[in-house]
Amino acid sequence: MAAERVLGNRINRLICCFHLLQNFKRFRNAQHLFWPLAKAKTIKDFQSKREEVQQESIEAANYLENIDKAMWVDAFARGKAYGHKTSNVVESINNSLKLE
């Protein structure tokens, strides 16, 4: 990505948790545990919540394990998301900039 070549580690890429949740909903037993996991503030809290997910669905825990935690879990974030877990703000700005 060009921005990463220029700005290096000053880029804080995140995954929209709303879209991640839409994919995660296939694990019906564990979907109610998604937001507490994503909003975990400490690694210890994350590990505790992850164990809950694993108890409900090993497949769900494995699915999330393959996604870079720094891109969606507060405890692992490399930068600030300023309370935003979704791309709603970006999508709104992009929509307002569309020229027709």
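A few notes on this one:
- Once region 63-80 is narrowed to residues that are under 24 Å from ASN29 (Cα atoms), hydrophobic (A, V, I, L, M, F, W, C) and assigned to a helix (DSSP H, G or I), the residue that is modelled with the highest pLDDT is LEU64.
- Hits in region 44-53 (condition: under 15 Å from the mean Cα position of the chain (by Cα) and either more than 14 Å from GLU65 (Cα to Cα) or hydroxyl-bearing (Ser, Thr, Tyr) (or both)): none
- Subset of region 14-62 (residues that are among the small types (Gly, Ala, Ser), within 13 Å of PHE76 (Cβ to Cβ) and in a helix (DSSP H, G or I)): ALA38
The values are calculated or read from the model by the stated rules, or taken from the named source; none is laboratory data. Values in this document were obtained by computation on a predicted structure and should not be read as measured data. FYI the Cβ positions are ideal-geometry reconstructions off the backbone, even for glycines, and counts take in every protein chain you see.
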